[in-house]
1. When both residues are 6+ apart or on different chains and their Cβ atoms are under 8 Å apart, which pairs have a first residue that lies in region 43-71 and is within 24 Å of ASP30 (Cβ to Cβ), and a second that is among the aromatic types (Phe, Trp, Tyr)?
2. Considering region 1-51 alone, what residues qualify as being of a type in the set (Gly, Ala, Ser) and touching a Lys or Arg at 6+ places or on another chain (Cβ under 9 Å)?
3. Just to verify a result, which residue in region 48-92, among those that are under 18 Å from GLU37 (Cα atoms) and among the basic types (Lys, Arg), is modelled with the highest pLDDT?
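The values are calculated or read from the model by the stated rules, or taken from the named source; none is laboratory data. Only a predicted model underlies this, so the values are computations on that prediction, with no experimental measurement involved. Backbone-built Cβ (ideal geometry, glycine too); neighbour counts: all protein chains shown.
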Amino acid sequence: MASIDDWRKKIDELDRRLVELLNERARYADEIGKIKEQLGMEAYSPKREKEVIDNILRHNPGPLDDLALRRLFERIIDESRKLEREAMHERKKSR
């Protein structure tokens, strides 16, 4: 039987991997912001945000319930939108 320290080590490793993945997602959001600015698009896309939420809920095997995942991803999407806006602002400023 695994000890509490064994489980904590597993959680620490997952947290490290999550940070890597979230930063990778943030880099992609930054690139999307640059493209959106070039195309004259808005940073906020309710349709796309709904698609993201629907996608993650479709792939949710639990034990987190859909509401918990929705809340987590709404925060992640907020940060992505912020990065997109910043990338758009920087591009406009550099012209």
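1. Between residues of region 43-71 that are within 24 Å of ASP30 (Cβ to Cβ) and residues that are among the aromatic types (Phe, Trp, Tyr), the close pairs are VAL52/PHE73; ILE53/PHE73; ILE56/PHE73.
2. Initially, region 1-51 is screened for residues of a type in the set (Gly, Ala, Ser), giving 2-3, 26, 29, 33, 40, 43, 45.
ALA2, ALA29, GLY33, ALA43, SER45, listed by residue number.
3. For region 48-92, the residue satisfying everything is ARG48.
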